[in-house]
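Shown next, in structure tokens, is the structure this report addresses.
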Amino acid sequence: MGAGQSSSAGAGLTDLEIKLRGSGDLGSLERAFHCLTQSPSPSEAIDKKALLPITCLQDCFQLAPLSVKEGIHEVMANIGQAIVSEFYESNDEKINWIQFLEGYQKCSADTGMEHLKHLFSVFYRASRLAEQGSKQETKSVKKNEEKNVDVGFLTGAQFKDFLHICWLFMCHARLPAEGVAVAELEVSLPKADFLLSAAFSACKLKSKGEMSQGQSMLEAVLSASELSSWVLATIPSLTECLVRFVRAQLSRFPAFSKANVAEENASNQIARKGESGTCPQDGEEKSLSKKDGLLLHSGTAWAVGLSLRDHAAAEILFRASCGIIESPNSELPTLLYRSSVHGSGLNRFWTCVDGYHAPVLVLISAHTQEESSTGTALVIGALIVRGFENKTVAYGASGSFLYTVEPVFCPFRASGKEKYYVYSHKHTAGAVYSAQKSVEGIGFGGSYGKERVWLNEDFATLTVRHHAVDKTYQPGALVPGQGFSQITAKVLEVEIWGLGGDKAEEEQAKFLKRENLFSEQRRKVDLASFGNWENSPEKMMMDMILDIEEILQRYETCFKLCLRFKLHGATWTFVQFLPLSKRI
């Protein structure tokens, strides 16, 4: 992709433009190149072969205006230079239109593992630049280092910073696109300890290694290839964050040019600062603030969203995790039920979730009841595709998930062998009589009476069985160190989050309104009928009972007369001797 290639790439230029036009990116790339080169028009910038300074492109890929208090701000300051070094190459510190398109194509064309390699490489370059801290050293290193950086190993601390950089890419890609100038926006990094623990456990298990005495996870050295395998298996959507960031930056011109930001900041400054790093919204139920002690904080929402590749609910979880400026119409998770607020038990539960027919995320916080030790605090979750239903049989779809969230994050996808995704039942008045009543409670996986995860009807006890009883979800331990025997835990909190957006909430509101109307109609009593006995239904029933009693008495009398005549040898029919009024 150097200067020698660009001079002879004229024949292939049209094909590349056609390919990018088909993907819908060519228009935004033309506008970005025009703005960065400060040409009079996009056509002149391309036709006259304008040159784009590398420094301008580096400024374009900076993570500003996002700002954090934590110690990765030095790495953030060098992200733009690292991205340009990874995808663009030039000997004279400038690139032309062809090289600009080829660099973008190199970033966006790859998939999966290649995207992840670029991510590791960009993080490694930015970390090296942050350590050196000198522009002169940076230039010399850029000329002498290898063009393709091969990241072999990362420490636990570096991988944690890598996850946070990926989160910042995701957040920055969701900043306002055009027409809004954003001042320095301070955000707090999400909790990533459970992701780090999961990666550490997976890599150490694969390599069968052990930490030295006194060594923490942050100090341990992890293989980049093993980390890549874990990312692709556990949080596959992480591989897309860099591509989305680059695409977003090149499509939002001229909103993020330095001149526009400097001019508009004085009159239109939008800055939201806070410790939560979550999506502030009007209303307590949609806030994911850490102060509220919610189980769905920004780190949980991000981790669950990363596991849902090509899932409709993932974008809603990503918005909830960002904690940045969003448009007024942005859809966020809705807190449908929380046991500490709405009350524990199936009765309170059904009044909150009934009628919500959209994806819901279940989070259960519990503490294991172990006599020999202090027990273990854990958070287990589940994703249900179409909400809860009151049934005596299992239901659900293949898009359902089972999660262990804390202390180690791990998703368990549907295996496709069985369909016992979720079971939820509560006895209702007026239900069809059954000789054997179905068990009340909520379960996930396993089979009837042997669910892999079981929450009893009072929401007081959580039972977790070994994955051998379950063929619906992938195998794995939901509780660290879980053996073959079942584990009983005391429930601390239960949260149900709706991921269907505003449409699902409107449908639920209509459903609850209809149910309330039906309930009111069933409770209504015509008080006027009690004042008019002659026309009341009760009098009609009493008259019918009296008529039946009279008929029975007549049959009894006839039977006695018949028996008497038979005993005296009479040959006449007994009806002839009965009075006319007694005949039937």
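Some notes on this structure:
- 3J(HN,Hα) couplings calculated from phi for region 388-405 with the Karplus curve 6.51 cos²θ - 1.76 cosθ + 1.60 (θ = phi - 60°) are, in sequence order, 8, 9, 8, 9, 9, 10, 6, 8, x, 9, 5, x, 6, 10, 10, 10, 10, 9 Hz; Gly and Pro show x.
- Note on region 447-498: with neighbouring protein chains present and a 1.4 Å probe, carbon and sulfur make up 53 percent of its accessible heavy-atom surface.
- For LYS426, residues with placed amide H under 5 Å, excluding near neighbours: LYS391
- Each residue of region 475-482 was assigned a 3J(HN,Hα) from its phi angle through the Karplus curve 6.51 cos²θ - 1.76 cosθ + 1.60 (θ = phi - 60°); the sequence is x, x, 7, 7, 10, x, x, 5 Hz, with glycine and proline shown as x.
- The residues neighbouring LEU250, those whose beta-carbon lies less than 12 Å from its own, together hold a net charge of +2 under the Lys/Arg +1, Asp/Glu -1 convention.
- Neighbours of ILE548, meaning other residues whose beta-carbon lies under 14 angstrom from its beta-carbon, give a summed charge of -4 when Lys and Arg score +1 and Asp and Glu score -1.
- In order along region 419-428, the phi-based Karplus estimate (6.51 cos²θ - 1.76 cosθ + 1.60, θ = phi - 60°) of 3J(HN,Hα) comes to 10, 8, 6, 8, 10, 8, 9, 9, 5, 10 Hz; Gly and Pro are listed as x.
- Between the amide H of TYR337 and those of ILE496, distances stay under 5 Å, these residues lying 5 or more places away or on another chain, with hydrogens modeled in the peptide plane.
- Per-residue packing, averaged as other Cβ atoms within 10 Å, sorts the ranges 395-404, 307-316 into the order 395-404, 307-316, beginning with the highest.
- Region 444-496: chymotrypsin sites (Phe, Trp or Tyr not before Pro) in DSSP coil with no more than 11 other Cβ atoms inside 10 Å: PHE484
- Summed residue charge, Cβ within 11 Å of ALA173's Cβ, Lys/Arg positive, Asp/Glu negative: +3
The values are calculated or read from the model by the stated rules, or taken from the named source; none is laboratory data. Bear in mind the structure is a predicted one, so any value in this text is a computation, not a measurement. Every residue, glycine as well, gets a Cβ built from its backbone with ideal geometry; the counts of neighbours run over all protein chains shown. For the accessible areas, the whole protein counts, side chains as well, though only heavy atoms, and no ligand, DNA or RNA atoms are used. Shrake-Rupley method; radii C 1.70, N 1.55, O 1.52, S 1.80 Å.
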